[in-house]
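Each remark here refers to the structure printed beneath this line.
The values are calculated or read from the model by the stated rules, or taken from the named source; none is laboratory data. Predicted model, so just to flag it, every value in this text is computed and none were measured. Because the Cβ atoms are built from the backbone with ideal geometry, glycine has one as well, and the counts that use them run over all protein chains shown.
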Amino acid sequence: MKILVLFIAVGSMVLLLSATSKGKTMQVNNTPIKTPPPPATPNLVLDLSKWKLTLPININGLEQMGTTAISKTTAQLLAGYSSTYFSVSADTGVTFWCPIDGATTSPGIGSDHPRTELGETYYWNTSSTGQMNNVVAINQYPSNSKNIIIGQIHGAGTTYSSYPFVLLNIVNGTLKANIKGELSGNANTQKATLLTNVALNKKITYSIVCDGTNIHFTASCPGATGIGSWTGYIPAPWVGITAKFSAGDYVQDTGASSTDGGKVTFYQLNIAHNPLPVSLSYFKAKKITLQQINLSWATATETNNNYFSIDRSQNGKAFESIGTINGNYNSSVVQQYSFTDKNPYQGVNYYRLKQVDLNGKYSYSDIEKVEINNQASTTVSSLIEGNIIKVNYFGTKDAKANLYNSLGQSFGTFNLSAGGNLLKINKINTGIYYLNINNEVFKIIK
């Protein structure tokens, strides 16, 4: 072992510095100076305040294919969560490890591949702008596919929660960008190869940007080759839908091994947004009679909001406007809205809101689904309370109800209208009675 000794004169003082050719410890006047250790937990390396983490283990802490994966909340991440799957690397990054035998988010009905992946907790709209700028290195590929998805724009909310549509994946050193054209499957997918010859452990700098019309990708890596940037359009099924970013280690293999899998290390993780002029708190559709559907929604804030168009479809794809409601232009308080469709389709009805700004720009809400059938739907309270019988009747026209006992004695005939009805009866003895509505008999007790 070689020892290097330096004498440095500073004024009238001489400092003795020594170092060995092995190790990183230096000495000043024979006092060791140690390199500070890396931060202990991932939240001290990356800003995790806008993320939750999906892990490749189930509720019992097991890597088990066919079972449902668990996640860690933002609060748990900010409290310093760290594990085999999510930890600080020696070079001060955050390492994501995902074995191929891990639990998955929706086994059998959606995703059958495990992941250690961060999902954004802020839901935005593809008609607005959002960008994600990351730096990551690939440390290990799953042995079969050698394929890891490291960045996505994923559907959010209710209708689109199972669907990713923008994917950035790396396959054995080749970085690929994908924009899916349909909700499921790979039909009409736009594709581009951004980089080739990406070496293991080399840092990849990449960005995914949504500008409301197009998706832009950029990527660079020392020693890699390729176009480095590409732009594709937002396909029709994804225009104006609720979305979120995700980033991490989403392996595209499954198997029985706990040592085979993907490993990546993130050194930078940044997201930014330009929110929509209207912040939609909720949008709901509910059947109120056999032939009427009520739509209700609320906004938390509005800026230059001109109006809402209420759109309806029979198949969830081809929509038409069935009415409009004026917006409140500019508002910083909660505004509530309602619209009733008095002539819905028989069968399934799909609804969405098209929000239009004063400048003509627009965005869409999530889609709500309500089914209408031809048969009347009636519910009757099982007890007579005082002298009142409660009847909820959903029918295409008014009906009559007849009240009688087990001997066939009648105690009144009543007219029913669509909706809630309160039938007032004369004083009767305790016992069992029957209410006949359109030849449907309901047993009630006094």
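For (1) more than 15 Å from residue 265 (Cα to Cα); (2) among the small types (Gly, Ala, Ser); (3) surrounded by 15 or more Cβ atoms within 10 Å (Cβ to Cβ), each residue gets a yes or a no:
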site	(1), (2), (3)
46	no, no, yes
56	yes, no, yes
66	yes, yes, no
88	no, no, yes
91	no, no, no
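Take segment 293-307 and flag every residue that is over 24 Å from the mean Cα position of the chain (by Cα), surrounded by 17 or more Cβ atoms within 10 Å (Cβ to Cβ) and free of Cβ contacts under 8 Å to residues at least 60 places away in the same chain.
Matches in segment 293-307: 305, 306.
Could you list, in sequence order, all residues of segment 409-440 that are among the hydrophobic types (A, V, I, L, M, F, W, C) and closer than 30 Å to residue 292 by Cα?
Of everything in segment 409-440, those that are among the hydrophobic types (A, V, I, L, M, F, W, C) and closer than 30 Å to residue 292 by Cα turn out to be 414, 416, 418, 422, 423, 425, 435, 437.
For segment 221-263, enumerate the residues that are in a strand (DSSP E or B) and among the β-branched types (Val, Ile, Thr).
Scanning segment 221-263 gives 225, 231, 242, 251.
May I ask you to say which residue of 135, 166 is surrounded by fewer than 19 Cβ atoms within 10 Å (Cβ to Cβ), part of a strand (DSSP E or B), in contact (Cβ under 8 Å) with a residue 12 or more places away in the chain and β-branched (Val, Ile, Thr)?
135
Can you give me the ranges of the strands (runs of 3 or more DSSP E) entirely in segment 68-126 with at least 1 residues that are farther than 24 Å from residue 260 by Cβ?
115-120
For residue 411, only one of the following conditions fails: (1) of a type outside the set (S, T, N, Q); (2) exposed (fewer than 15 other Cβ atoms within 10 Å of the Cβ); (3) modelled with pLDDT of 80 or more. What is its number?
(2)
When segment 385-442 is examined, which residues are found to be within 45 Å of the chain's Cα centre (by Cα), among the polar types (S, T, N, Q) and assigned to a loop (DSSP other than H, G, I, E, B)?
Selection gives 396, 417.
Quick one: in segment 68-86, which of the residues that are in contact with a helix residue (DSSP H, G or I) (Cβ under 7 Å, 6 or more places away or on another chain) and within 23 Å of residue 141 (Cα to Cα) is surrounded by the fewest Cβ atoms within 10 Å (Cβ to Cβ)?
Step by step, filter segment 68-86, then rank; the result is 82.
If a residue has to be closer than 21 Å to residue 238 by Cβ and crowded, with 17+ Cβ neighbours inside 10 Å to count, how many in segment 334-361 make the cut?
8
Count, please, the residues in segment 367-380 that happen to be surrounded by 17 or more Cβ atoms within 10 Å (Cβ to Cβ) and either farther than 30 Å from residue 307 by Cα or at pLDDT below 80 (or both).
3
Do any residues in segment 105-118 that are touching a residue at least 40 places away in the same chain (Cβ under 8 Å) have Cβ atoms under 6 Å from those of residues that are of a type outside the set (A, V, I, L, M) and surrounded by fewer than 16 Cβ atoms within 10 Å (Cβ to Cβ), where the two are at least six apart or on different chains, and which pairs are they?
From residues that are touching a residue at least 40 places away in the same chain (Cβ under 8 Å), the pairs are 107/66; 110/162.
From the list 282, 250, exactly one residue is closer than 21 Å to residue 124 by Cβ, among the hydroxyl-bearing types (Ser, Thr, Tyr) and without any contact (Cβ under 8 Å) to a residue 24 or more places away in the chain. Which is it?
The unique qualifying residue is 282.
Would you check which residues across segment 423-441 are touching a residue at least 12 places away in the same chain (Cβ under 8 Å) and either exposed (fewer than 11 other Cβ atoms within 10 Å of the Cβ) or in the same structural domain as residue 288 (by TED's automatic domain parsing) (or both) and list them?
424, 426, 427, 429, 430, 431, 432
Which one is farthest from residue 289 (Cα to Cα) among residues in segment 397-408 that are loosely packed, with under 14 Cβ neighbours inside 10 Å and of a type outside the set (Ser, Thr, Tyr)?
Here the residue is 407.
Could you list, in sequence order, the residues of segment 197-233 that are surrounded by 16 or more Cβ atoms within 10 Å (Cβ to Cβ) and more than 21 Å from residue 245 (Cα to Cα)?
Once the filter is applied, which keeps residues that are surrounded by 16 or more Cβ atoms within 10 Å (Cβ to Cβ) and more than 21 Å from residue 245 (Cα to Cα), segment 197-233 yields 198, 221, 224, 226.
Looking for whichever is at pLDDT below 95 and within 25 Å of the chain's Cα centre (by Cα) here; the options are 66, 23, 80, 102. Which one fits?
66
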